1. With charges only on Cβ, +1 for K and R and -1 for D and E, what is the dipole size of the chain about its Cα centre, in debye, rounded to 20?
2. Compare the Cα positions of Gly66, Val4, Gly38 along the charge dipole of the chain (+1 at Cβ of Lys, Arg; -1 at Cβ of Asp, Glu; about the Cα centre) and return the one farthest towards the positive end.
3. Run the numbers on the stretch 4-84 and let me know its relative contact order in percent, using alpha-carbon pairs under 8 Å that are six or more apart.
4. So how do Val8, Val89 line up by other beta-carbon neighbours within 10 Å, fewest first?
5. Based on the mean of other Cβ atoms within 10 Å per residue, sort peptides 50-62, 30-42 so the most packed one is first.
Amino acid sequence: MSTVLVKVVQTCAAYPAQWDAWTTDGQYLYLRYRHGIGSIERQPGPDLDTWRDEGALVCEWDDGTGSGEIDLADFLAASGLRLAPDAEVRPW
């Protein structure tokens with residue numbers, strides 16, 4: 001995956017680590033890492049009432065650690081996502 005993110009907002013630091021993210025074309029992505037499993041979901045936006053299950057999962061991986069903590073740089077490296085040079089990144 002070589003999707004470029006222009007905005008990333010961390011919504012939880014650990015157990016699970018999670019972020020709201022937006023791509024260069026305005027697509028919202030939900031990034032989550034729990035029990036060593038990272039996942040990326042494509043959803044309409046951060047409002048949970050608009051979320052759907054079918055076709056939402058973009059990718060998922062298990063790093064075998066069982067951890068619930070990961071920093072954004074490691075999440076991006078594992079998922080193949082990239083930050084735009086001028087991306088807005090808001091930590092927890």
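Read-outs throughout are calculated quantities, based only on the coordinates presented, and are distinct from any laboratory measurement. Everything numeric here is computed off the predicted structure, so don't read it as measured data. Note that each Cβ is placed from the backbone with ideal geometry, even for glycine, and that neighbours are counted across all protein chains shown.
1. Details: 7 positive and 15 negative charges, 23 e Å.
Dipole of the chain, to the nearest 20 debye: 120 debye.
2. Value: Val4.
3. Working: 163 pairs, mean separation 23.1, N = 81.
Dividing the mean separation by the residue count of the stretch 4-84 yields 29 percent.
4. Val89, Val8
5. On the way: 50-62: 11.5, 30-42: 18.9.
With the highest mean Cβ count within 10 Å placed first, the list reads 30-42, 50-62.
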